[in-house]
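Down below is the structure, laid out as structure tokens.
The values are calculated or read from the model by the stated rules, or taken from the named source; none is laboratory data. In this text the structure is predicted, and so the values were computed from the model without any measurement. Cβ atoms come from the backbone with ideal geometry, glycine included; neighbour counts cover every protein chain shown.
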Protein chains: 2
Amino acid sequence: MNNRQITLKSRPVGIPQPEHFALQTVPVPALRDGEFLVENLYLSVDPAQRGYVNDENNYAPPVAIGAVMRAMAVGKVTASKHADFAVGQHLYGWFGWQDYCVATPAAVLRRVDPAQAPLSTAAGLLGINGLTAYLALHDIGKPKLGETVLVTAAAGAVGSIVGQLARQAGARAVAVVGSDDKGRQAVADYGYEAFINYRQPLEPQLKASCPNGVNVFFDNTAGPIADTVIRHMAWFGRVIQCGTMSIASWVPNPTGPRIEREILTRRLRLEGFVIFDHLKRFDDTAARLAAMLRDGSLRHAEDIGDDIALAPQALVDVYEGRNTGKKLIRLR
Amino acid sequence: MNNRQITLKSRPVGIPQPEHFALQTVPVPALRDGEFLVENLYLSVDPAQRGYVNDENNYAPPVAIGAVMRAMAVGKVTASKHADFAVGQHLYGWFGWQDYCVATPAAVLRRVDPAQAPLSTAAGLLGINGLTAYLALHDIGKPKLGETVLVTAAAGAVGSIVGQLARQAGARAVAVVGSDDKGRQAVADYGYEAFINYRQPLEPQLKASCPNGVNVFFDNTAGPIADTVIRHMAWFGRVIQCGTMSIASWVPNPTGPRIEREILTRRLRLEGFVIFDHLKRFDDTAARLAAMLRDGSLRHAEDIGDDIALAPQALVDVYEGRNTGKKLIRLR
């Protein structure tokens, strides 16, 4: 049985490009005791993947040259030599950009119930994106009735859910996006009350859409947009540092305007959020999001390709904001 | 009756110098209904006073040219046309750098009981400095047993208390100071286990004194020292942004290395602390600190001058780190 794999060919500086990857086809090896074979159905494309391949300070060692690209995926167990993972079980986990993954339990993030929601959602709304939106917004942001929640990358996989959850919490959600088209979509579909196009001057747009300042800043991008937003925070505002997508490289460390005085005088709270700190809450939170999806109180946006060879280009697209909602590659 | 006053002569950029102030003697005006006369006993000298006189974004309008320098002080009511403020009552409040203040209740921060602790402590240990140390450390820092608490300006009015409180909480306190003499004093008197002299290279000292990283960073200075400390924070570390003493001016906004990635990957929480948000807790917290002082579990360090004309120079000294403990001017 053949396995198509996207492997890392060379180590990028900054955002990985298609030339840093190769597509190879290799045979699937025989299972050993304790292993099981996952047939991938949906491959996830995530901004965080940049951090998996470069040499910057990160959560785990970088992907080795020649190794399969680290990625999350939704798949189905098609063979098993592990008592806890039966054939037919659907899983979400670290199965890589490939057709098949010879897996052990350490690779599994969550068992997936296909009756809960469409399978693709296991990698997006019910995967790290929706879980991040829900837990970061509620744990750190704690939006109150009538407060303003500003979200960067608002039409992306996380932002498209944050807007809806903020609105459910009784807050006003304001989207920061890279085009008027995306802004209109954020308002029409993702719960946002207004949008800011960051390709236009930010200050007047911020003043118009956040007249009382920003109470919760859900930041996926960092950089110059965040610098301006910080200076429009309301007193006691909360900043969720969820991503730094707009910073092309952290080596050498880029500079920006100092924010210590803003933190002090506005009494801000800034906090970093990494979804993998919350593994024990995945199932309960996913069940909650699935229930909202079923009762129609939550929409999910997916942007699905179907060619594994285009996964590296899909990652570039995500960085350049060409996706709307969760970017996935469907394999079968 | 004559009143010596330090007034603002011209508006400084950055740290105010003696030439920005004047000493004048004027008669004390007659009290009107609702007013009372406070005879100042101890004038407070605080880094935050820089912010009272310049045009930078701040909590209150800047001190007007020609007006008495805004300052806290401990004083005694010597005449009163207000039923709630009897002659003989001791008070801590916004009484200015002068001998006498014609006050209204709005100027009062706390009523002082001379039996609780020596009167001078009402402007330091039991004043905003001790209250800040206690509330910021416990509300934001939440030090746990065995954790490392790093404090900048550690031999100052706030830092000299933070070290002791951190130690009481079972944490290891590490002082950042500007001289080995101050460092030795911090270790001998203020509860610190080790010190870092910021005039020497920071990295090796940080690695040696904080081998498991910094769990709580009580930052009074901001700037380059903080930039380095942030990169030595332990995961889930807390940063208390309590002051920005090392930044000479915020106009134009200085730049520094971006910290978004540190916040994210180290899961940091940074939070601004302004003591005046906590007025309702002053009395209870001061009573607690006074009890520790009486039972010997807390020392207070004071650096007391006695010439009102030297108050502006004392402020410069505080900025240049020439004080040890709380800087006060005793008037009588």
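Go through region B:48-72 and count every residue that is of a type in the set (Gly, Ala, Ser), assigned to a loop (DSSP other than H, G, I, E, B) and free of Cβ contacts under 8 Å to residues at least 24 places away in the same chain.
Count: 1.
I'm checking my understanding of the structure. Among residues of region A:30-47 that are part of a loop (DSSP other than H, G, I, E, B) and modelled with pLDDT of 95 or more, which one is surrounded by the most Cβ atoms within 10 Å (Cβ to Cβ)?
Step by step, filter region A:30-47, then rank; the result is A:Val45.
Taking the condition in a strand (DSSP E or B) and either at pLDDT below 95 or within 17 Å of the chain's Cα centre (by Cα) (or both), does B:Phe236 pass?
Judged against the criteria, B:Phe236 is not a match.
In region A:248-293, what residues are closer than 19 Å to A:Phe217 by Cβ, more than 7 Å from chain B (Cβ to nearest Cβ), β-branched (Val, Ile, Thr) and not in a helix (DSSP H, G or I)?
A:Ile259
Which condition does A:Arg172 not pass, out of (1) in contact with an Asp or Glu (Cβ under 9 Å, 6 or more places away or on another chain); (2) closer than 26 Å to A:Ala123 by Cβ; (3) not aliphatic (A, V, I, L, M), if it passes all the others?
Of (1) in contact with an Asp or Glu (Cβ under 9 Å, 6 or more places away or on another chain); (2) closer than 26 Å to A:Ala123 by Cβ; (3) not aliphatic (A, V, I, L, M), only one is false for A:Arg172: (2).
Among A:Pro211, A:Pro252, A:Pro257, which is the only one that is more than 23 Å from the chain's Cα centre (by Cα) and closer than 24 Å to A:Asp180 by Cβ?
A:Pro211
Just one of A:Gly96, A:Gly75 is small (Gly, Ala, Ser) and in a loop (DSSP other than H, G, I, E, B); which is it?
Residue meeting the stated conditions: A:Gly96.
For B:Glu147, only one of the following conditions fails: (1) more than 14 Å from every other protein chain (Cβ to nearest Cβ); (2) surrounded by fewer than 20 Cβ atoms within 10 Å (Cβ to Cβ); (3) of a type in the set (D, E, K, R). What is its number?
(2)
Could you list, in sequence order, all residues of region A:249-268 that are closer than 29 Å to A:Lys326 by Cα and buried (at least 19 other Cβ atoms within 10 Å of the Cβ)?
A:Trp250
Within region A:294-332, which residues are in contact (Cβ under 8 Å) with a residue 24 or more places away in the chain, part of a loop (DSSP other than H, G, I, E, B) and not acidic (Asp, Glu)?
Of everything in region A:294-332, those that are in contact (Cβ under 8 Å) with a residue 24 or more places away in the chain, part of a loop (DSSP other than H, G, I, E, B) and not acidic (Asp, Glu) turn out to be A:Ser297, A:Leu298, A:Arg299, A:His300, A:Ala301, A:Gly321, A:Asn323, A:Thr324, A:Leu331, A:Arg332.
How about region A:9-64: which of its residues are of a type in the set (Ser, Thr, Tyr) and more than 16 Å from A:Val316 (Cβ to Cβ)?
A:Thr25, A:Tyr42, A:Tyr59
Which condition from (1) under 29 Å from B:Glu19 (Cβ atoms); (2) crowded, with 20+ Cβ neighbours inside 10 Å is the one that B:Gly305 breaks?
Every listed condition holds for B:Gly305 apart from (2).
Residues of region A:129-169 being farther than 22 Å from A:Met72 by Cα and in contact with a Ser or Thr (Cβ under 6 Å, 6 or more places away or on another chain), which ones?
Hit for region A:129-169 is A:Thr152, nothing else.
Filtering region A:232-242 down to residues that are more than 9 Å from chain B (Cβ to nearest Cβ), surrounded by 23 or more Cβ atoms within 10 Å (Cβ to Cβ) and in contact (Cβ under 8 Å) with a residue 60 or more places away in the chain, which residue is farthest from A:Ile15 (Cα to Cα)?
Only one residue tops the list, namely A:Arg238.
Look through region A:108-138, keep the residues that are closer than 19 Å to A:Leu331 by Cβ and without any contact (Cβ under 8 Å) to a residue 60 or more places away in the chain, and return whichever of them is surrounded by the fewest Cβ atoms within 10 Å (Cβ to Cβ).
A:Pro114
Considering region A:172-188 alone, what residues qualify as being of a type in the set (Gly, Ala, Ser) and crowded, with 24+ Cβ neighbours inside 10 Å?
Matches in region A:172-188: A:Ala173, A:Ala175, A:Ala186.
Does A:Leu202 fit the bill of being more than 26 Å from B:Gly223 (Cβ to Cβ), buried (at least 22 other Cβ atoms within 10 Å of the Cβ) and either within 14 Å of chain B (Cβ to nearest Cβ) or out of contact with any Pro (no Cβ under 6 Å at 6 or more places or on another chain) (or both)?
No: the conditions fail for A:Leu202.
Of the residues B:Ala71, B:Ala60, B:Ala106, B:Ala115, only one is closer than 26 Å to B:Ile15 by Cβ and either of a type outside the set (A, V, I, L, M, F, W, C) or modelled with pLDDT of 95 or more (or both); which?
B:Ala71 is the lone residue from the list that is closer than 26 Å to B:Ile15 by Cβ and either of a type outside the set (A, V, I, L, M, F, W, C) or modelled with pLDDT of 95 or more (or both).
Tell me, yes or no, whether region B:65-83 has at least one residue that is surrounded by 19 or more Cβ atoms within 10 Å (Cβ to Cβ) and among the hydroxyl-bearing types (Ser, Thr, Tyr).
Yes, the conditions are met somewhere in region B:65-83.
Return only the number of the condition from (1) over 27 Å from B:Glu147 (Cα atoms); (2) in contact with a Pro (Cβ under 6 Å, 6 or more places away or on another chain); (3) touching a residue at least 40 places away in the same chain (Cβ under 8 Å) that B:Met245 does not satisfy.
The failed condition is (1).
Which members of region B:196-216 meet the condition of being within 18 Å of B:Leu145 (Cβ to Cβ) and in contact with a helix residue (DSSP H, G or I) (Cβ under 8 Å, 6 or more places away or on another chain)?
B:Val214, B:Val216
Scan region B:191-235 for residues that are touching a strand residue (DSSP E or B) at 6+ places or on another chain (Cβ under 7 Å) and aromatic (Phe, Trp, Tyr) and jot them down.
B:Tyr192, B:Phe195, B:Tyr198, B:Phe217, B:Phe218
Those residues that are within 17 Å of the chain's Cα centre (by Cα) and within 28 Å of B:Met69 (Cα to Cα), I need them from region B:282-312; list them, please.
B:Phe282, B:Thr285, B:Ala286, B:His300, B:Ala301, B:Glu302, B:Asp303, B:Ile304, B:Gly305, B:Ala311, B:Pro312, listed by residue number.
Looking for something away from chain B (no Cβ under 14 Å) and either surrounded by 20 or more Cβ atoms within 10 Å (Cβ to Cβ) or small (Gly, Ala, Ser) (or both) - is there at least one such residue anywhere in region A:216-231?
Scanning region A:216-231 turns up at least one residue that is away from chain B (no Cβ under 14 Å) and either surrounded by 20 or more Cβ atoms within 10 Å (Cβ to Cβ) or small (Gly, Ala, Ser) (or both).
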